[in-house]
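Peer 1: Mind looking over this structure? Questions follow.
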Amino acid sequence: MKITSAEFQLGIPNLRQLPRDDLKEIAFLGRSNVGKSSIINKLCSRKKLARQSNDPGKTRELNFYLINKRICFVDLPGYGYAKAPEQIRSSWGKLIEQYLKGRRQLALVIQLVDSRHEPTPLDMMMVGWLDYYKIPFVVVLTKADKLPRSKMPNYLKTARSVFSPYKYCKDVVPFSSITGEGKSTVLHIISQFV
Ligand SMILES: Nc1nc2c(ncn2[C@@H]2O[C@H](COP(=O)(O)OP(=O)(O)OP(=O)(O)O)[C@@H](O)[C@H]2O)c(=O)[nH]1
Ligand SMILES: [Mg+2]
């Protein structure tokens with residue numbers, strides 16, 4: 001799949017204002033700062049389509065991007081930002097769970113996990129939800145450029161052994177928004193679900 005057009009459609013703080021069209025959605029899920037906005041920009045070959053930040057927890061809304069005028073990428077608010085007040089953290093959780101379980105046109109979730117760290121308990125909880133709600137997902141290991149080359153094969157093997165047992169896990173892919181590693185694989189997988 002080649003992305004030839006990408007435009008910001010809308011940002012919403014709650015699910016009452018979800019788009020009413022029937023376009024298939026690909027949602028990007030992961031903890032704060034894991035690289036959700038960066039992967040969207042990289043896949044679309046755009047520098048500033050989705051706002052990236054050094055300030056974790058910046059993306060607090062669900063942001064919708066219209067891709068090739070026929071599918072939607074959804075940048076979900078990052079979870080697990082330790083400095084956020086408990087009340088806000090739990091409302092993010094509820095928002096994400098409601099979106100995941102209720103969104104009929106959700107075709108695939110790109111679950112992002114930082115390749116420099118072990119998956120967090122919240123990452124594992126998200127993967128558990130996805131499997132429970134029967135939502136196909138791909139685990140993308142972000143910031144692969146920061147991991148020494150020699151460590152990747154072992155890391156990938158461990159990550160596969162953690163995620164592959166989930167029935168709805170379709171693949172585990174290393175990715176870098178800097179080098180573009182993994183871009184064509186992720187685009188190919190997306191094309192199979194839309
Ligand atoms: N080296 C490297 N840095 C990356 C990569 N992807 C993202 N980053 C950096 O990580 C930081 C966070 O990236 P974002 O894309 O804003 O992360 P996010 O998941 O959208 O964060 P929130 O919106 O706060 O939840 C930024 O400083 C990015 O430049 C990558 O593949 N390699
Ligand atoms: Mg973001």
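Every number here is computed from the coordinates shown, using simple stated rules; none is lab data. From a predicted model like this one, the values you see are computed outputs, not experimental measurements. FYI the Cβ positions are ideal-geometry reconstructions off the backbone, even for glycines, and counts take in every protein chain you see.
Peer 1: Order these by the 10 Å Cβ neighbour count, fewest first: Asp114, Asp145, Asp123.
Peer 2: Numbers: Asp114 20, Asp145 15, Asp123 24.
Starting with the residue having the fewest Cβ neighbours, the order is Asp145, Asp114, Asp123.
Peer 1: A further question follows. Evaluate the charge dipole of region 6-193 about its Cα centre and quote only its size in Debye, nearest 20, assuming +1 on the Cβ of each Lys and Arg and -1 on the Cβ of each Asp and Glu.
Peer 2: Working: 31 positive and 16 negative charges, 46 e Å.
That gives region 6-193 a dipole magnitude of about 220 debye.
Peer 1: Work through the residues other than Asp114 whose Cβ is under 13 Å from its Cβ and net out their charges, Lys, Arg +1 and Asp, Glu -1.
Peer 2: So the environment of Asp114 carries a net charge of +2.
Peer 1: Additional query: Among DSSP bridges having both ends in the chain, what percentage is antiparallel? Round to the nearest 5.
Peer 2: Here the share of antiparallel DSSP bridges comes out near 35 percent.
Peer 1: Sticking with this structure for a sec: Starting with the fewest neighbours, write out Lys183, Lys151 ranked by other beta-carbon atoms found within 10 Å of each beta-carbon.
Peer 2: Lys151, Lys183
Peer 1: How many lysine pairs does region 82-158 hold where the Cα atoms are under 20 Å apart and the two sit 8 or more places apart or on different chains?
Peer 2: Numbers: Lys83/Lys94; Lys94/Lys134; Lys101/Lys134; Lys143/Lys151; Lys143/Lys157; Lys146/Lys157.
Lysine pairs meeting both conditions in region 82-158 amount to 6.
Peer 1: Whole-Å semi-axes of the chain's equivalent ellipsoid, largest first, each the root of 5 times a Cα gyration tensor eigenvalue?
Peer 2: That gives 23, 20, 17 Å for the three semi-axes.
Peer 1: Grab the beta carbon distance between Arg60 and Leu10, set R0 = 25 Å, and tell me the FRET efficiency rounded to 0.05.
Peer 2: Step by step, r from the Cβ atoms, then E = 0.95.
Peer 1: Continuing with the same structure: Let me check against my output: what whole-number percent is the relative contact order of region 6-193, with C-alpha pairs under 8 Å and at least 6 apart?
Peer 2: 22 percent
Peer 1: Could you check the simple spin-label distance between Thr185 and Asp145, using points 7 Å along Cα→Cβ, in nm with one decimal?
Peer 2: Between Thr185 and Asp145, the simple spin-label model gives 1.7 nm.
Peer 1: Using alpha carbon centroids, what distance separates region 103-126 and region 159-194, in Å?
Peer 2: 11 Å
Peer 1: Also: Counting other beta carbons within 10 Å of each residue's own, what order do Ser90, Ser177 fall into, fewest first?
Peer 2: Working: Ser90 11, Ser177 21.
With the sparsest Cβ surroundings first, the list reads Ser90, Ser177.
Peer 1: Could you run the Karplus curve 6.51 cos²θ - 1.76 cosθ + 1.60 with θ = phi - 60° over region 108-117 and give me ³J(HN,Hα) per residue in whole Hz, x for Gly and Pro?
Peer 2: 6, 10, 9, 8, 9, 9, 5, 6, 8, 10
Peer 1: Can you give the net charge of the other residues whose Cβ lies under 14 Å from the Cβ of Phe8, counting K and R as +1 and D and E as -1?
Peer 2: So the environment of Phe8 carries a net charge of +2.
Peer 1: So, counting K/R as plus one and D/E as minus one, what does the shell of residues with Cβ under 9 Å around Ile189 add up to?
Peer 2: On the way: positive: Lys170; negative: Asp171.
Around Ile189, the surrounding residues sum to 0.
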